[in-house]
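Chemist: Pasting in a structure now, in structure tokens, and then I'll have a few things to ask.
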Amino acid sequence: MVFETRSILAQLATDTRDIMELLNVNNLSIAFDTRDGKTQAVDNISFNVQQGETLGIVGESGSGKSVSCYALMGLIDKPPGHIERGKALFHNVDLLSADEKTMRGIRGKRISMIFQDPMTALNPYLSVGAQIIEPLLLHEDVSRNLAKQKALTLLEEVGINDAASRYYQYPHELSGGMRQRVVIAMALITEPELLIADEPTTALDVTIQAQILELIKDLQQRRNIAVIFISHDLDVIRYMTDRTLVMEQGRIVEHGQSQTVFNSPNHSYTKKLLASIPQQAKPVKFKYTPKKNSPLLSVNNVSISYADRSSRFQAVNNVSLKLAKGEILGLVGESGCGKTTLSQSIVKLINIDRGEILLGELSLHKLNTSELKQARKNVQMIFQDPYASLNPRMTVFNTLAEPLKIHRLAESSDIKKKVLNLMADVGLDPCWANKYPHEFSGGQRQRIAIARALAVEPQLIIADEPVSALDVTIQAQILELLLTLCQQRQLTMIFISHDLAVVRYIADRTAVMNQGKIVELNATETLYQEPTHSYTQQLLSAKLSG
């Protein structure tokens, strides 16, 4: 599906209706107190949002785009954060100085927010249905049964099949993409006047992303809802928004009609963002040359199923693939297709029902606990969310030193040198070794996760959506880093992603999964230029394009 910009007729309809300014932010400045002194997160920004309008905000991690919107919702921790000055008028109520009682009547009812990380936004102790209907029961006089019916309708609208069963499930029973859809349903159920969407499609594959964006756009037009859309995906911002703000280091450096900003950018920073979008095949200098030798990894006829409440769900169905040493295999498919389940079975985080997984001649699926501990030195995983996969109580130094100690890869006297070298290899300043994960940006945390995977000098790395939560400039840096490390260390990699442009840029071959099966496997550029399976064609056609 290709997203079109608003039609002329739709634009005329927008122009002729009564336009009302819904939100007016003036001279907003926000600072945080840190052990290194005051950090100016937002520096004197001003903007407004009209009723029914979509305003896009883009910028690198740490540019202040999310913090600005969190301030509007009263969600900044004070301390360490504090609003130094500014006003944010919503129906003549200053959101920055309103008392908590006033904010409770606005937050979740008149202004709703879709958060970036659904796993931390959802309560693990409550069913998803209970969480979706909570704001409706809190703000409106409706029966629990009516609230449930509305929630089921919304779950279906956001692309969750079998909504009646999913309603009673808990967040950990859903995939990352499904959890994000639950968060979106929860934000939309009260039909707010203003919807703040903070990276709402980050964890979603292209076909579901298309559905969610169409849903938000459709609801906005039917209910005349205003939307503030924060995203690092510039294609999404281009086709979803009327106006765009570009933020850098807490300031607005460019602001205008979206098509003007993207087609004729004025500021050098905007040009830098646009130039960072991967638009090409894998660079020639990183091209993989096939070698005639035994495969490093062999997955043979693997099947994996899960026990559901009343049946078994077939997550992976008779999948086979092989990887040669030094090769990068891209793995794509919709949320819930089985790609993460398959990858986790390779490191034996999940047991297989049948089939075999070989690393060279070693049967990974047959190893006992002590054997597996030793084998995992050769197979490492980079998880999608580095904040969740890093221990918040451990410094960077301890995080990187731990695998060296466990596998006895360095003498005590050499550990410090090895850790600092690892940090330098992934572009982290060695002087940050004693910092904790919360003191780093998302891109920096992902570099720590990559360094941890490299610490044991593995043969195979499985990267599960390693750049999906990163802005385009940091994403470009991480992709370049991974390609360089794979070339220098002769690493083999399985790269899982829903971003087809990213997979095209990094992978030598690409496997497409659908409903637990690999439906197409080919050289990446051949697959992109001449897809043979109808599902692959559907994925490629769903990608946003101009």
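Chemist: Under a crude label model (7 Å from the Cα following the beta-carbon direction), how far is Gln538 from Tyr436 in nanometres?
Modeler: According to this spin-label approximation, the distance is 4.6 nm.
Chemist: Based on the Cβ-Cβ distance of Lys291 and Arg144, what FRET efficiency does E = 1/(1 + (r/R0)^6) give at R0 = 51 Å, to the nearest 0.05?
Modeler: 0.20
Chemist: If you put +1 on each Lys and Arg Cβ and -1 on each Asp and Glu Cβ, how big is the dipole of the chain around its Cα centre, in Debye rounded to 20?
Modeler: Approximately 1420 debye in magnitude.
Chemist: Can I ask one more? I'd like the distance separating the alpha-carbon centroids of the stretch 386-465 and the stretch 62-77, in whole Å.
Modeler: That distance is 29 Å.
Chemist: With contacts defined as alpha carbon pairs under 8 Å and 6 or more residues apart, what's the relative contact order of the stretch 379-456 in percent?
Modeler: Relative contact order comes out at 48 percent.
Chemist: Averaging the inverse of every distinct alpha carbon separation and then flipping it gives the Kirkwood radius. What is it for the stretch 109-231, in angstrom units?
Modeler: 14.2
Chemist: Is it possible to state the helix-based mean residue ellipticity at 222 nm for the chain, with each DSSP H run of 4+ residues giving -39500 (n - 2.57), the sum divided by total residues, to the nearest 500 deg cm²/dmol? What is it?
Modeler: -11000 deg cm²/dmol
Chemist: Which one, Pro437, Leu409, Ala449, is farthest towards the positive end of the dipole of the stretch 379-456 when Lys and Arg carry +1 and Asp and Glu -1 on their Cβ?
Modeler: The residue sitting farthest along the positive end of the dipole is Leu409.
Chemist: Output the relative contact order of the stretch 119-189, whole-number percent, from Cα pairs under 8 angstrom with separation of 6+ residues.
Modeler: 46
Chemist: Roughly what % of DSSP beta bridges within the chain run antiparallel, to the nearest 5?
Modeler: 55
Chemist: Would you mind working out the magnitude of the charge dipole of the stretch 477-538 relative to its Cα centre, with +1 at each Lys and Arg C-beta and -1 at each Asp and Glu C-beta, to the nearest 20 Debye?
Modeler: Dipole of the stretch 477-538, to the nearest 20 debye: 180 debye.
Chemist: May I ask you to evaluate 6.51 cos²θ - 1.76 cosθ + 1.60, the Karplus curve with θ = phi - 60°, for each residue of the stretch 495-501 and list the ³J(HN,Hα) values in order in whole Hz, giving x for glycine and proline?
Modeler: Result, rounded to whole Hz: 10, 9, 7, 9, 8, 5, 5.
Chemist: Can you work out the Karplus-derived ³J(HN,Hα) for every residue in the stretch 188-200? Use 6.51 cos²θ - 1.76 cosθ + 1.60 with θ = phi - 60°, whole Hz, and x for glycine or proline.
Modeler: Whole-Hz 3J(HN,Hα) from phi for the stretch 188-200: 8, 5, 8, 6, x, 7, 10, 10, 9, 10, 9, 6, x.
Chemist: Same structure, new question: Anything over 26 Å Cα to Cα? Flag those among Lys322/Lys416; Lys282/Lys348; Lys287/Lys322; Lys109/Lys271; Lys339/Lys373; Lys291/Lys416, in the order listed.
Modeler: Lys322/Lys416; Lys282/Lys348; Lys109/Lys271; Lys291/Lys416
Chemist: Between Asn263 and Ala375, what is the spin-label point distance in nm, taking each point 7 Å from the Cα along the Cα→C-beta axis?
Modeler: With each label point 7 Å from Cα toward Cβ, the separation is 5.7 nm.
Chemist: What share of all Cα pairs of the stretch 201-255, in percent, falls into each consecutive 10 Å distance bin?
Modeler: That works out to 20, 51, 25, 4, in percent per bin.
Chemist: Using R₀ = 41 Å, calculate the FRET efficiency as 1/(1 + (r/R₀)^6) where r is the Cβ-Cβ separation of Ala275 and Asn391; round to 0.05.
Modeler: Efficiency, from the Cβ-Cβ distance: 0.70.
Chemist: Along the charge dipole of the chain, Cβ charges K/R +1 and D/E -1, which of Asn123, Val519, Ile111 sits furthest on the positive end?
Modeler: Towards the positive end, the residue furthest out is Val519.
Chemist: What whole-number distance in Å separates the alpha-carbon centres of the stretch 184-263 and the stretch 496-546?
Modeler: The two parts, judged by their Cα centres, are 25 Å apart.
Chemist: Compute the distance in nm between two label points, each set 7 Å from the Cα along the Cα-to-Cβ direction, one at Asn318 and one at Glu411.
Modeler: About 5.6 nm separates the two model spin labels.
Chemist: Here's something else I'd like to know. Using 0.36 nm times the number of residues separating Gln40 and Glu84, minus their current alpha carbon distance, what extension gain do you get?
Modeler: Stretched out fully, the Gln40 to Glu84 stretch lengthens by 14.9 nm.
Chemist: Follow-up. How much accessible area per residue does the chain have, in Å², with a 1.4 Å probe?
Modeler: 45
Chemist: Amide H to amide H under 5 Å from Asn317: which residues, 5+ apart in sequence or cross-chain, H placed 1.01 Å off N in plane?
Modeler: Ile304, Lys517
Chemist: Could you please report the charge total around Asn27, scoring K, R as +1 and D, E as -1 over all other residues with beta-carbon less than 9 angstrom from its beta-carbon?
Modeler: +2
Chemist: Further, regarding this structure: Could you state the per residue volume, in Å³, of the convex hull enclosing the Cα atoms of the chain?
Modeler: So the per-residue Cα hull volume is 163 Å³.
Chemist: Which whole-Hz couplings ³J(HN,Hα) result when phi for each residue of the stretch 72-78 is put into the Karplus expression 6.51 cos²θ - 1.76 cosθ + 1.60, θ = phi - 60°, listed in order with x for Gly and Pro?
Modeler: Here the 3J(HN,Hα) series is 5, 8, x, 10, 8, 5, 10 Hz.
Chemist: Right, next: Let me spell out the model: positive unit charges on the Cβ of Lys and Arg, negative unit charges on the Cβ of Asp and Glu, origin at the Cα centre of the stretch 379-456. What dipole size does that give, in debye rounded to 20?
Modeler: In debye, rounded to 20, the stretch 379-456 gives about 120.
Chemist: With unit charges on the beta carbon (Lys/Arg positive, Asp/Glu negative), name the residue among Leu152, Ala210, Gly326 whose Cα is farthest towards the positive pole of the charge dipole of the chain.
Modeler: Farthest along the dipole direction, towards plus: Gly326.
Chemist: Here is a follow-up. Dividing the convex hull volume of the alpha carbon atoms of the stretch 379-456 by its residue count, what do you get in Å³ per residue?
Modeler: For the stretch 379-456, the hull spanned by Cα atoms encloses 82 Å³ per residue.
Chemist: Can you tell me which lysines have their Cα less than 26 Å from the Cα of Lys38? Leave out same-chain residues fewer than eight positions away.
Modeler: Hits, sequence-local ones excluded: Lys65, Lys78, Lys87, Lys435.
Chemist: Restricting attention to the stretch 26-105, which trypsin sites (Lys or Arg not before Pro) occupy a DSSP loop and are surrounded by at most 11 other Cβ atoms within 10 Å?
Modeler: Arg35
Chemist: Report Rg(Cα)/(2.2 N^0.38 Å) for the stretch 119-189, keeping two decimals.
Modeler: Its radius of gyration relative to the 2.2 N^0.38 Å reference: 0.98.
Chemist: Moving to a separate point now. Could you check how much of the accessible area of the chain is carbon and sulfur, as a whole percent, using a 1.4 Å probe?
Modeler: On the chain, the fraction of accessible area on carbon and sulfur atoms equals 48 percent.
Chemist: Follow-up. For the chain, what relative contact order do you get, as a whole percent, if you take Cα pairs closer than 8 Å and at least 6 residues apart?
Modeler: With pairs under 8 Å counted, the relative contact order is 16 percent.
Chemist: Long-range amide H contacts for Ala324: which residues qualify at under 5 Å (H placed 1.01 Å from N, peptide plane, sequence gap of 5 or more or a different chain)?
Modeler: Leu296
The values are calculated or read from the model by the stated rules, or taken from the named source; none is laboratory data. The structure presented is a predicted model; accordingly, all values stated were derived computationally and were not measured. Methodologically, a virtual Cβ is constructed for each residue, glycine included, from the backbone with ideal geometry; neighbour enumeration extends over all protein chains shown. Surface accessibility is based on the protein's heavy atoms, side chains included, excluding ligands, DNA and RNA. Shrake-Rupley method; radii C 1.70, N 1.55, O 1.52, S 1.80 Å.
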